Every structure is written in C-alpha cells, then in structure tokens.
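This report concerns only the one structure given below.
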C-alpha cells in the first residue's frame, strides 16, 4: 500500500488556503480538521470551506470531524467534496451505520480514536472502514507534542488488521515530524497527518517528501512503493 502523507491545513494560512494547498503538490491527501467547539475546544472549518477547497485543488480531501453528533453531519462533507470522512467513535451514536452512510454517499469511511480509547472493542467493525485514525495527541489543537504512549496501540491495531486480512489505511495524527514518523511506521502506521512539521518548513512540499522517505525507510523491502 505504501506510505501516504496527508498534510493538515490547520497550520496553514487561513486567509489563503487555496495557495497553501498549492504548496504541497506531492501530498497524497489534504487533511482538513473540522472542529465545532463542543467535542473539542476549538472552532475551525465546515462543509462550505471543504466545498471551496474541493474547487481549488485536485488533491483528495481528508475531512477529520472533531465534532459532536457526527451521525447528523458527516454525509454533508462527502456532498461538499471530501474524498474521505473521519468521525470520532467517542462522539458517534451508531458508528457502523454512520460508516455505511458515508460509503453510501460515495466517500471513504474512517473512524478516529482519541489516545486513551482502546482499539480492541471495535475489532468486529473494522471491516466497515476504509481507514482507522489513531490520534497521537489529544484532538483540538495543532502543534502538540507526540504521545509515545500511543505507539503500542498502533502495533495492536496493525496486528488486528493483519489478523483479519484487512487493507484499510492506518493513519496517525498529532506531533508527526521527522523525529517521530519512523516510530509510527515501524509500529505499523502507513498514513500520516503532519501539520506544523509541513507548514513551518521553508519548503512544505520538500518536507512532504522527506517525511515519506523517512517513513518508507523502515518498511520491509517490497512495501515501500
């Protein structure tokens, strides 16, 4: 499946998001952090911004819904142009139904877990997903320090996916940088959200490629493409 780098625009210039996305042409997806000031203590984008971004770039949009009541709102993000929509299991009333609704709307369904939320209780529903996101910081703000305590959970999640022969993406989000990405890739992650590491770099696109190379270096031969 190879390594995928999905830069977060949370650390980009909000006044020029179209131009900021144009600075990362090598990205595999653009990560859009949607926050409602209820599920997390921050307020950012909504479906209208996702729709505007979808007109400004050909890159797939990865909408991460850090919101209350995602069951009501997630399908609207597919309609707005998001390729992938991630909901938090802690906020979802009916996660299996929601994953199926996202897929039925034409999107890829992804489920996120906060650092303290174990993955094992959701083993039986992993087949309903296209991606599993493990937060490596508490959701809500960019620029936080990577939480090493999540690395064993990445290993356990990878073991579950392998046990069931599932090919969904295993994404990590929070504090991903040149200093931390190898640990995550070695544990089994293959998709990486990086915000401040990318947009604080002098050349964001060069950082995208540097992160990809750093993660790919720890993969077994044959899995790096």
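The values are calculated or read from the model by the stated rules, or taken from the named source; none is laboratory data. This one's a predicted model, so the numbers in the text were calculated from it and none came from an experiment. Cβ placement follows ideal geometry from the backbone for every residue including glycine, while neighbour counts extend to all protein chains displayed.
Residues in the range 132-147: is at least one under 18 Å from residue 4 (Cα atoms) and part of a loop (DSSP other than H, G, I, E, B)? For the range 132-147, residues under 18 Å from residue 4 (Cα atoms) and part of a loop (DSSP other than H, G, I, E, B): present.
With respect to the conditions (1) part of a loop (DSSP other than H, G, I, E, B); (2) in contact with a helix residue (DSSP H, G or I) (Cβ under 7 Å, 6 or more places away or on another chain); (3) surrounded by fewer than 19 Cβ atoms within 10 Å (Cβ to Cβ), residue 18 falls short on a single one, namely (1).
Would it be correct to say that residue 169 is out of contact with any helix residue (DSSP H, G or I) (no Cβ under 7 Å at 6 or more places or on another chain) and farther than 22 Å from residue 2 by Cβ? Against the criterion (out of contact with any helix residue (DSSP H, G or I) (no Cβ under 7 Å at 6 or more places or on another chain) and farther than 22 Å from residue 2 by Cβ), residue 169 does not qualify.
Please verify whether the range 89-100 includes one or more residues that are under 30 Å from residue 182 (Cβ atoms), surrounded by 23 or more Cβ atoms within 10 Å (Cβ to Cβ) and touching a helix residue (DSSP H, G or I) at 6+ places or on another chain (Cβ under 6 Å). Steps first, please.
Start the filter on the range 89-100 by keeping residues that are under 30 Å from residue 182 (Cβ atoms), which leaves 89-90.
From what is left, the residues that are surrounded by 23 or more Cβ atoms within 10 Å (Cβ to Cβ) are none.
No, the conditions are met nowhere in the range 89-100.
Restrict the check to the range 203-215 and report whether at least one residue is touching a residue at least 12 places away in the same chain (Cβ under 8 Å), touching a strand residue (DSSP E or B) at 6+ places or on another chain (Cβ under 6 Å), buried (at least 17 other Cβ atoms within 10 Å of the Cβ) and assigned to a strand (DSSP E or B). The answer is no, given that none of the residues of the range 203-215 is touching a residue at least 12 places away in the same chain (Cβ under 8 Å), touching a strand residue (DSSP E or B) at 6+ places or on another chain (Cβ under 6 Å), buried (at least 17 other Cβ atoms within 10 Å of the Cβ) and assigned to a strand (DSSP E or B).
Among the residues making up the range 156-169, those that are under 14 Å from residue 120 (Cα atoms) and surrounded by fewer than 14 Cβ atoms within 10 Å (Cβ to Cβ) are 159, 162, 163, 164. Out of curiosity, is residue 197 assigned to a loop (DSSP other than H, G, I, E, B), free of Cβ contacts under 8 Å to residues at least 60 places away in the same chain and under 21 Å from residue 137 (Cβ atoms)? The answer is no for residue 197. Residues of the range 101-141 that are touching a helix residue (DSSP H, G or I) at 6+ places or on another chain (Cβ under 7 Å) and closer than 12 Å to residue 64 by Cα: 109, 111, 132, 134. Consider residue 178 carefully, then state whether it is on the phi < 0 side of the Ramachandran plot and crowded, with 19+ Cβ neighbours inside 10 Å. Answer is no for this residue.
The residue of the range 1-15 that is farthest from residue 30 (Cα to Cα), among those that are part of a helix (DSSP H, G or I) and at pLDDT below 90, is 15. Scan the range 30-57 and report the pairs whose first residue is without any contact (Cβ under 8 Å) to a residue 60 or more places away in the chain and on the phi > 0 side of the Ramachandran plot and whose second residue is surrounded by fewer than 18 Cβ atoms within 10 Å (Cβ to Cβ) and part of a helix (DSSP H, G or I), with Cβ atoms within less than 9 Å and a gap of 6+ or a chain change. Qualifying pairs under 9 Å: none.
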